[in-house]
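Colleague: Got a structure for you, questions after.
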């Protein structure tokens, strides 16, 4: 049988369960009893949120002075003017307007903590959700054969000792971003769980143990016993701990949604000081082919959840804010022109949001040319003027202190955009 070290090295540990609950205070209890020692020290933390389905960046952050966009979207165009046709956009800078359902983001933008990058996307022009997500999460937009994800590579480039909780995804399965040789954990629920190892072959992928103790007893690997025993003991304490009574700080209120619950659990892990450095969560439902709506409807509900969940997380973090950067991503944007069913189809560039005290915020970065047909990609889409790797690498370099773009994003040599301070 393969060793447990082999399982961890081949791609991570995933916890699976039913329902959604808070992460308990078992790590604090472990620390109080001397179980958690010096390796579990607070470090810089990057929280990535993947908006799966392709967000319409032109509706989230609208170039509202663009008459070509107004003409292309006769029923779903939104304006910053209070013209009696629904809630107006939030005017950010006289050119771009934030969707009114994202009003919780406005104070963060005005405080220069929230930055926006527009015209961001992949140089690969695929409009396949699966392929585009795979390329973005692998960080190699022209290579399907990359076995690792860019966040897993980032973890490996941090250059210091780590705990088993360094990279955690609050999802039901391991995201492509975390594939690779460096250990990562995927947690869907900590109230009722089994354990599954993700590996590079059938033997490891299909390995399932009834409990942590079962798995721990299956290996005699002394090195892993030394590094992992306290973590396994801590997680076993979960069964004896109240998981439901976490109280966010500063009156933060998380949405009762998958994303809200994921970010709440990430907040708890951060406060437990278990060594979390890279966290991952997902937001779904962005494939708005029909009835997209304006200030009401599918899109408005999605951006309400996204912005409120992130704002609640940021508020809850309080004194930890200097150590945290939050970054969103989505595989591509939507067409400039609305379709016949009041929606938008698969496009190219979108926008993303980056939140943190070391973010060059209060600005809409990137280039969005007038949306006349000669400026559109394939005569239909917002052109990609910022390669996603230029933003991801800058955030990783400045926040996580990673300075090896050649390994983080192979085959990419580009300029940084200036979304981070320093």
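Colleague: Based on other C-beta atoms within 10 Å, arrange 111, 277 from fewest to most.
Modeller: 111, 277
Colleague: Report the dimensions of the range 146-188 along its three principal axes from the alpha-carbon atoms, largest first, rounded to Å.
Modeller: 29, 25, 11
Colleague: Another question, if that's okay. Can you put 173, 148 in order, fewest other beta carbons within 10 Å first?
Modeller: With the sparsest Cβ surroundings first, the list reads 173, 148.
Colleague: Neighbouring Cβ atoms within 10 Å as the yardstick, rank 118, 346 fewest first. Show your work: numbers first, answer last.
Modeller: Values: 118 24, 346 19.
Taking fewest neighbouring Cβ atoms as first place, the list is 346, 118.
Colleague: Need one word for the range 255-337: rounded, prolate or oblate. Basis is the Cα gyration tensor (sqrt eigenvalues a ≥ b ≥ c); a/c below 1.5 gives rounded, then a/b vs b/c decides.
Modeller: prolate
Rule-based calculations on the coordinates, nothing more; no lab input. Fair warning: this is a prediction, and the values are worked out from it, not measured in the lab. As a convention, Cβ positions derive from the backbone with ideal geometry for all residues, glycine included, and neighbour counts pool all protein chains shown.
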